[in-house]
Amino acid sequence: MGSETETEGGALRTFVGLDSDGCVVDTMAAKQHRFLQPMLAEMLGLGALREVYFQCADFVNLYSETRGITRFRAVLLSLQLFNRHPQVRAAGFPGVPLGDLEAFVASGVPQSSEALEAWLREHPSAFLERLLQWSLAVNAAILKSGTVFPVYQGAREALQKMRGRSETGIVSQSPERVLRQDWGSHGLLAFVDHVAGQEMGDKVAQLTCLTAGRYPRERVLMIGDAPGDLRAARAFGCRFYPILPGHEEASWARFNGEIYDLFAGGEYTPELERACIDVFVSALPSVAPWEEPAK
């Protein structure tokens with residue numbers, strides 16, 4: 001009998017964890033532009049300055065090193081950018097008061113609507129009450145819309161390629177019911193062995209639970225599109241392959257044509273991994289263009 005990490009043919013088995021939003025399913029920009037951003041701008045009464053907020057929220061959620069962070073932390077960072085944006089200051093806008101949100105985000109409690117609701121029982125805040133209602137309304141609007149978000153070209157091929165060769169699992173901070181809806185609408189659940197949502201904890205906890213000590217860490221690969229996915233892979237101690245924002249199809253094509261076979265064969269070298277990560281990190285800046293110091 002071989003070990004649990006061996007196939008019948010004797011080759012070492014592998015585990016591949018896949019993020020969902022912005023990695024396999026093209027949801028991030030659509031959810032921001034159709035639901036999260038316009039509904040928050042309406043709640044705050046931003047009026048003519050709503051486009052400035054959209055610019056700030058796009059940078060935080062899609063085009064910077066904070067891509068993929070939790071909802072309430074993203075709102076905080078977006079509104080901090082908004083408050084100090086040159087156009088907001090020039091308009092004489094007083095800014096959005098953020099003290100209560102800063103306290104909640106800094107508290108260390110899970111950044112979910114349920115956690116915020118519990119927080120409010122001990123820390124009453126009119127602003128956070130409105131923010132909670134916004135978050136719940138966003139969730140309801142997305143579900144009610146029945147939107148079927150598209151899958152990135154190449155992702156289905158990758159799942160099919162790995163089926164039977166690697167154990168696979170969705171590793172995501174989205175609720176499990178949302179993951180099952182997004183993947184199920186495209187028939188993709190048939191190609192994964194596990195679905196791990198926010199109910200299972202953070203991504204390190206999910207990877208730990210899904211692999212359960214059955215694989216050497218170098219035989220586990222995390223695929224993701226955000227720095228948080230990279231940090232989770234590093235904290236867990238496994239390998240990482242990035243899906244580059246704005247270049248998702250090319251990233252999946254390279255995975256299918258080169259990277260997966262190398263990884264499955266134990267030849268995805270640290271040097272090649274580092275080269276992929278360097279390109280990924282350089283594509284997601286830490287400072288918004290309008291805040292960069294003049295040269």
statement: In the set R73, R89, the lone residue that is assigned to a helix (DSSP H, G or I) and surrounded by fewer than 16 Cβ atoms within 10 Å (Cβ to Cβ) is R89
statement: Residues of the stretch 111-145 being surrounded by 15 or more Cβ atoms within 10 Å (Cβ to Cβ), in contact with a Lys or Arg (Cβ under 9 Å, 6 or more places away or on another chain) and hydroxyl-bearing (S, T, Y), in sequence order, are S112, S113, S135
- prompt: Any idea which of E176, E248 is under 22 Å from the mean Cα position of the chain (by Cα), open to solvent by 30 Å² or more (accessible area, probe 1.4 Å) and under 22 Å from M28 (Cα atoms)?
  reply: E176
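Using the structure shown, decide if Q173 is at pLDDT below 95, over 27 Å from E258 (Cα atoms) and of a type outside the set (D, E). Quick ask: steps written out before the conclusion?
Working: at pLDDT below 95: yes; over 27 Å from E258 (Cα atoms): yes; of a type outside the set (D, E): yes.
Spelling it out, Q173 is indeed at pLDDT below 95, over 27 Å from E258 (Cα atoms) and of a type outside the set (D, E).
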- request: List every residue pair whose Cβ atoms lie under 9 Å apart, where the two residues are 6 or more positions apart in sequence or sit on different chains, the first residue falls within the stretch 212-234 and is over 12 Å from E273 (Cα atoms) and charged (D, E, K, R), and the second residue, located anywhere, is open to solvent by 70 Å² or more (accessible area, probe 1.4 Å) and not in a helix (DSSP H, G or I).
  value: R214/E4; R219/L12
field: Unmet criterion (only one of (1) among the aliphatic types (A, V, I, L, M); (2) open to solvent by 70 Å² or more (accessible area, probe 1.4 Å); (3) modelled with pLDDT of 95 or more) for A155
entry: (2)
- prompt: So L36 fits all but one of (1) more than 14 Å from the chain's Cα centre (by Cα); (2) more than 21 Å from F149 (Cα to Cα); (3) buried (at least 19 other Cβ atoms within 10 Å of the Cβ); (4) not basic (K, R); what number is the exception?
  reply: (2)
query: Scanning for something open to solvent by less than 80 Å² (accessible area, probe 1.4 Å), of a type in the set (A, V, I, L, M) and not in a helix (DSSP H, G or I), does the stretch 269-283 turn up at least one residue?
result: yes
query: Is it true that V148 is open to solvent by 10 Å² or more (accessible area, probe 1.4 Å), touching a residue at least 12 places away in the same chain (Cβ under 8 Å), outside any loop (DSSP other than H, G, I, E, B) and among the β-branched types (V, I, T)?
result: no
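Which is farther than 17 Å from L18 by Cβ, in contact with a helix residue (DSSP H, G or I) (Cβ under 8 Å, 6 or more places away or on another chain) and not in a strand (DSSP E or B), of L230, L262? Give the derivation first.
Numbers: L230 fails: farther than 17 Å from L18 by Cβ.
Selected residue: L262, the only one of L230, L262 that is farther than 17 Å from L18 by Cβ, in contact with a helix residue (DSSP H, G or I) (Cβ under 8 Å, 6 or more places away or on another chain) and not in a strand (DSSP E or B).
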- request: Name every residue in the stretch 1-27 that is touching a Pro at 6+ places or on another chain (Cβ under 9 Å), open to solvent by 30 Å² or more (accessible area, probe 1.4 Å) and either part of a loop (DSSP other than H, G, I, E, B) or modelled with pLDDT of 90 or more (or both), in order of residue number.
  value: D26
statement: Counting only residues that are in contact with a helix residue (DSSP H, G or I) (Cβ under 7 Å, 6 or more places away or on another chain) and open to solvent by less than 60 Å² (accessible area, probe 1.4 Å), the stretch 233-245 contains a total of 9
query: Across the stretch 186-225, what is the total count of residues that are assigned to a loop (DSSP other than H, G, I, E, B), open to solvent by less than 10 Å² (accessible area, probe 1.4 Å) and of a type in the set (G, A, S)?
result: 1
message: Scan the stretch 48-56 and tell me whether some residue there is touching a Ser or Thr at 6+ places or on another chain (Cβ under 6 Å) and modelled with pLDDT of 95 or more.
response: yes
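What is the residue count in the stretch 92-108 for residues that are over 28 Å from L49 (Cβ atoms) and open to solvent by 50 Å² or more (accessible area, probe 1.4 Å)? Talk me through it step by step, then tell me what you get.
Filtering the stretch 92-108 for residues over 28 Å from L49 (Cβ atoms) gives 107-108.
Subsequent filtering for residues that are open to solvent by 50 Å² or more (accessible area, probe 1.4 Å) retains 108.
Residues flagged as over 28 Å from L49 (Cβ atoms) and open to solvent by 50 Å² or more (accessible area, probe 1.4 Å) within the stretch 92-108 amount to 1.
The values are calculated or read from the model by the stated rules, or taken from the named source; none is laboratory data. None of these values were measured; they are calculated from a predicted model. Methodologically, a virtual Cβ is constructed for each residue, glycine included, from the backbone with ideal geometry; neighbour enumeration extends over all protein chains shown. Side chains included, ligands, DNA and RNA excluded: accessible areas come from the protein's heavy atoms. Shrake-Rupley method; radii C 1.70, N 1.55, O 1.52, S 1.80 Å.
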